[in-house]
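Below: one structure, written as structure tokens.
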Amino acid sequence: SPCAPGAVKPEVVAPGDIPLVDGLSPRTARLRGSSGAFTSWAAPYVSGSLAVLAGLNPSAVSNDLKSALFSTATDMDPPGLDNRSGAGLINLVAAAEAIGGLGGVRLALDGWDWSDDARSLTLRLYNAGDRPFPGGAAELMRGLQGELLGRAEAPLIGPRRGGQIVFEGLPRASVEYEGLNLRLESDGARLAFPVVLLAPTPSTAILRDGSVLFSLDANGRLGTVTGSPGLIFLGRTWLTGGGFMFATGGSVSDGAYVDVLQQPNLKTNPVGSDTDWRLLSLTTDTARAELTFTDDRALRPTGANVWQEAELVEVSDSAAFVALTVSVDFQTDDPVPLAGLLLDWDFNNADFVRWESELGASVMVPADSTGPWFAVTTASQAPTTHAAVPLGTPANGFYVAGTNNGILAKLEGFTDEEKGRLLALGGMQVSDDHVTDWAHMVGVGPLHSRDTTTFLIAAGGTRAHLQIALDSARAFARQNATSGAAAPRSELVLLPPYPNPFDPTQGQTLKLPFLVNRGSEPLSARVEIFTIDGLPIYSENRELTPDLPVEPFRWSGLLGGGEAAATGVYGYVIKVGGRVQSGKFVLLK
């Protein structure tokens, strides 16, 4: 429509392409399509955002609210103010921090405890925002609009600090583990968020060493998905969830992501709502647990029976680690099985993940690198693969699946095929700015029945403390190596070349992936490519160090002199140490 001279319309834009989901029960859903891009969906985002800002700062007038929303919008092409997207895509978190009041306060439930007589409930909160919560009145409700269960006073909670609210005279039997809602009021502004008192299941082990607590279960899962406490380190809970993954023959059994409606292509978040594993046995001590589980709950069971030993060690006030030793009894060694561990840390949707060669580990840290720092690796050898796994977007919280080239697709699901590919080939090595909520995973293979692998999870208040935790974890693993356990065998396995056929004239690069277990010494690796007649046309040497994941060999389709290779069938040989494997691929222009 015509606008007044100099006017910019629209002033801002918001997401307008909405996935349509049918809720079939409290724990099952079906994705039935997409709305298409419509202002009917974008407008509620904007009006709802303005309502949130008004709730955070009741004294702000309408122009204050609009200014906060417009001035913090993320610019879109074409640059600057324009009649296509105005000031850009709304950013509610940034606008909340700009509005004042309770804007910039980001409270989350960090844990809970009942009194010894089970008649008072303590909720531990953590403020991950940049501004303090000034304190005020607290109400605990049953559900969103349900019965008032109790009132209490909430304390001042500074930025990056914790605090607690105690509800007296609240019998445990009256609440049990229902979904609750916590409402906080301060200076006329209100915050509200759900409180789920997730009880540890009979299969959960809670380990404690000093001030550090860690929970895991015999369903192959780790962190808060198993129940409180998750991983308490430096006074708060960090590990949202994670789980072991074992893959063979195109099937993946894991305890990491939910199975929706028994459809493997919709196996997606929330983390740990379901698991492929079933408890066989569990014994615990203060800081140690021994567990066994099997994957007969999987859609496509691999026949894996897992023995696991876990030990928690607090190295210092700012350094700790968990050693997770697993041995798997597979029904078959063909095709070659792989093992992995996926971890999803909670930095309030502002994560950064990368492989750090100096640390020899996959590292997760807040996006601003302020700490704490967390890492995962293996003790006996570097992970065969490493992947940064994108989970959610900052705009709407939908979950995504990632590919090697960083292309993201909403609600595609973290499928068995995706998990198997990342275990075998790795993925993005470093997180990017497409999403802010990430997990990281490492994979080990090839494995054989009863091979033993030790995964190390390390935590440090700073990068230096993380180094201390990793060094201590590796020394602990060497000292406590399981007596008589079979070490992973040094074996070379080639995975299918991709893309195959490949076309270098379209910018494609051929990848020749392989798996190899290593010991503590570097290995020399070499690839040689031949014509169908056996004429050598390309070679490359590489050193495989124990502290780095294995990357595929790559070929651009150029011969040694720089000229392009012709269309045809080619053979290749990969040599690692004294081991040799060969394969074929097609170059097709």
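Brief remarks on what is shown
- Once the C-beta distance of Q506 and D82 is scaled by a Förster radius of 30 Å, the resulting FRET efficiency is 0.30 to the nearest 0.05.
- Label reach from S316 (point 7 Å along Cα→C-beta): in the stretch 194-228, amide nitrogens under 17 Å belong to 210-212.
- Potential lengthening of the chain between H448 and R554 amounts to 35.4 nm, from the contour at 0.36 nm per residue minus the alpha-carbon distance.
- When nucleic acids and ligands are ignored and a 1.4 Å probe is applied, L148 ends up with an accessible area of around 60 Å².
- Estimated from the Cβ-Cβ distance and a Förster radius of 60 angstrom, the FRET efficiency linking D432 and T286 is about 0.90.
- Sparse packing (at most 14 other Cβ atoms within 10 Å of the Cβ) combined with a DSSP loop state is found for the following chymotrypsin sites (Phe, Trp or Tyr not before Pro) in the stretch 119-221: Y177.
- Cα-projected label distance for W41 with E11, points at 7 Å along beta-carbon direction, nm: 2.4 nm
- A prolate overall shape is assigned to the stretch 418-457, the ratio a/c of its alpha-carbon gyration tensor axes (a ≥ b ≥ c) being 1.5 or greater and a/b exceeding b/c.
- Length released on extending from A173 to L588, taking residue separation times 0.36 nm less the Cα-Cα span: 142.4 nm
- Point-to-point label distance, N480-S71, nm (Cα→Cβ direction, 7 Å offset): 5.4 nm
- Here the spin labels are modelled as points 7 Å beyond Cα on the Cα-Cβ line, and at R151 and S369 they lie 4.9 nm apart.
- Each residue was assigned an accessible area with a 1.4 Å probe, and for D368 the value is about 80 Å².
- Label zone (R278, point 7 Å along Cα-to-C-beta; backbone nitrogen cut-off 16 Å) within the stretch 187-211: 203.
- Peptides 83-89, 316-322 ranked from most to least packed by the mean count of surrounding Cβ atoms within 10 Å: 316-322, 83-89.
The values are calculated or read from the model by the stated rules, or taken from the named source; none is laboratory data. No experiment lies behind these values; they were computed from the predicted model shown. When we count neighbours, we look across all protein chains shown, and the Cβ atoms used for this are built from the backbone with ideal geometry, even at glycine. The accessibility values were calculated without ligands, DNA or RNA, using every heavy atom of the protein model including side chains. Shrake-Rupley method; radii C 1.70, N 1.55, O 1.52, S 1.80 Å.
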